[in-house]
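Contents: one structure, followed by commentary.
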Amino acid sequence: MYELTVRASKKYKITITKGLGLFRARVLPLVKGESVAIVTDDRVNGLYGDILDEFFSDKRVIKIVIKHGENSKNSANYLRIINALAENDFTREDTVLAFGGGVVGDIAGFAASTYMRGITLIAVPTTLLAAVDSSVGGKTAVDLKTGKNLLGTFYQPSAVYINTEFLKTLPAKEIKNGLGEVIKYAFLSDTVKIADLKNVDGDLIYRCLKIKRDIVEKDEKEKGERALLNLGHTFGHAIEKLSGYKLAHGACVAKGLVYSIEISKRLYGLSDKTVSEMYGLLKSAKHDLSCPFSAESLVAQIIADKKRKGERIDFVALKGIGKPEITEIKISDLKKMAVDYESKISAF
Ligand code: NAD
Ligand code: GLY
């Protein structure tokens, strides 16, 4: 078992364990009040719904099941959750339990943070991506038609419970998506190595979350350093949006990391050894690193992004592995570098 404490606006514990034997004993004490609203998606409910019903039989349970996939992270489903809480007389003394991947975690977190100005939120992530990233740090969100995560809050959970048993039912594609964010950590810090990617276990999750925890504790509301966690996301989010969310978040982060490497090469002249180490990490997880969209269309999408500062943008670049830097770049320069990279790959 691994434990980490996050000391942010709320102090809370992350527990990483395996085997469902002690699930009930560990999670029930985290649930505040008599009533618990379990938010999950249809796939996860199909796999674990019966177990959840049994585990929480001592509580008054309502279950809100959304359809799986990014397109469910919307304001209509958010209101569905809020209305279910209100119609079932949930008070601030009760609990929302997010049981699923990052989509469930983001929308359930947003509902918990806004219902009666905030009720207890427990996160039980069931994807690798949610375990290593989205369940921790308090970013909650839904997407608007105009863009991803445009409506959201910073709201820390009261506890995060990770059980690697749930990861056993994940399709290989979802493990690969999660590894997109794991490789982000491997680029940010040299504590996650290529060999570690072969063994997705509690230790790997712990090491990723330690990196995230340390950053979140210093800058919970992303006034500065937390932006490091957006490495690969400037281009990644643009790819995700242009695909109409058909490409998964983690897969887009992996593609976005390619642009982080290529732009860092042009900004800092990285050594061949460093570049090949970075690509080695991405290739070891067998990510498809091609991008179906032109550099021009990606930059047009980046211009529409909420994180732009006029003609400039804060971009997370890499001076080496474990040496990230937030640098303000003119969008016109970003475009030149992306177009230059595109012209080199199309020359092959
Ligand atoms: P997801 O929630 O859509 O889950 C992926 C798929 O796996 C779904 O089809 C789901 O039904 C299925 N699934 C979940 N658990 C399963 C299990 N144990 N066994 C079998 N199938 C299972 O996607 P995701 O990759 O977990 O999360 C992506 C979302 O997370 C995006 O919306 C992204 O924006 C968000 N995100 C948020 C943060 C944050 O800090 N809040 C960070 C990174 C990503
Ligand atoms: N995944 C980015 C963050 O939590 O800040």
>> Which of the numbered conditions does N199 fail, given that it passes all the others? Conditions: (1) within 16 Å of ligand 2 (Cβ to nearest atom); (2) free of Cβ contacts under 8 Å to residues at least 40 places away in the same chain; (3) surrounded by fewer than 22 Cβ atoms within 10 Å (Cβ to Cβ); (4) of a type in the set (S, T, N, Q).
In response: (1)
> For the stretch 274-283, what are the residues that are surrounded by fewer than 19 Cβ atoms within 10 Å (Cβ to Cβ) and either under 13 Å from the mean Cα position of the chain (by Cα) or among the hydrophobic types (A, V, I, L, M, F, W, C) (or both)?
Replying inline: V275
> What single numbered condition from (1) part of a strand (DSSP E or B); (2) within 24 Å of the chain's Cα centre (by Cα) fails to hold for F23?
Replying inline: (1)
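Could you tell me whether Y206 is assigned to a helix (DSSP H, G or I) and touching a Phe, Trp or Tyr at 6+ places or on another chain (Cβ under 6 Å)?
Values: assigned to a helix (DSSP H, G or I): yes; touching a Phe, Trp or Tyr at 6+ places or on another chain (Cβ under 6 Å): yes.
Criteria met by Y206.
Of all residues in the stretch 100-147, how many are in a strand (DSSP E or B) and surrounded by fewer than 19 Cβ atoms within 10 Å (Cβ to Cβ)?
Within the stretch 100-147, the first condition is being in a strand (DSSP E or B), and the residues that meet it are 100, 120-125, 139-144, 147.
Within this subset, residues satisfying the condition of being surrounded by fewer than 19 Cβ atoms within 10 Å (Cβ to Cβ) are 144, 147.
So the answer is 2.
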> If you scan the stretch 81-103, which residues turn out to be more than 16 Å from ligand 1 (Cβ to nearest atom) and under 23 Å from the mean Cα position of the chain (by Cα)?
Replying inline: I82, T95
> In the stretch 125-147, what residues are hydroxyl-bearing (S, T, Y), in contact with a helix residue (DSSP H, G or I) (Cβ under 6 Å, 6 or more places away or on another chain) and more than 15 Å from ligand 2 (Cβ to nearest atom)?
Replying inline: T126
> Scanning for something farther than 25 Å from G244 by Cα and touching a residue at least 24 places away in the same chain (Cβ under 8 Å), does the stretch 338-346 turn up at least one residue?
Replying inline: yes
>> Which count do you get for residues in the stretch 210-244 that are surrounded by fewer than 18 Cβ atoms within 10 Å (Cβ to Cβ) and within 12 Å of ligand 1 (Cβ to nearest atom)?
In response: 1
> What's the number of the condition Y185 fails, among (1) assigned to a helix (DSSP H, G or I); (2) without any contact (Cβ under 8 Å) to a residue 24 or more places away in the chain; (3) not acidic (D, E)?
Replying inline: (2)
> Which of the residues belonging to the stretch 148-176 are of a type outside the set (A, V, I, L, M), out of contact with any Gly (no Cβ under 6 Å at 6 or more places or on another chain), within 16 Å of ligand 2 (Cβ to nearest atom) and in a strand (DSSP E or B)?
Replying inline: K148, N149, G152, T153
>> Can you tell me which residue is farthest from ligand 1 (Cβ to nearest atom) among those in the stretch 245-273 that are free of Cβ contacts under 8 Å to residues at least 60 places away in the same chain, crowded, with 18+ Cβ neighbours inside 10 Å and in a helix (DSSP H, G or I)?
In response: K265
>> Considering only the stretch 218-238, I want to know if a residue exists there that is away from ligand 2 (no atom under 16 Å from the Cβ) and within 18 Å of E174 (Cα to Cα).
In response: no
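Go through L97, L52, L79, L47 for me and flag whichever is among the aliphatic types (A, V, I, L, M), free of Cβ contacts under 8 Å to residues at least 12 places away in the same chain and surrounded by 12 or more Cβ atoms within 10 Å (Cβ to Cβ). Before the answer, list the steps.
Working: L97 fails: free of Cβ contacts under 8 Å to residues at least 12 places away in the same chain; L52 fails: free of Cβ contacts under 8 Å to residues at least 12 places away in the same chain; L47 fails: free of Cβ contacts under 8 Å to residues at least 12 places away in the same chain.
Among L97, L52, L79, L47, only L79 is among the aliphatic types (A, V, I, L, M), free of Cβ contacts under 8 Å to residues at least 12 places away in the same chain and surrounded by 12 or more Cβ atoms within 10 Å (Cβ to Cβ).
Only the coordinates and a few stated rules stand behind these numbers; no lab work does. Fair warning: this is a prediction, and the values are worked out from it, not measured in the lab. We place every Cβ from the backbone using ideal geometry, glycine too, and count neighbours over all the protein chains shown.
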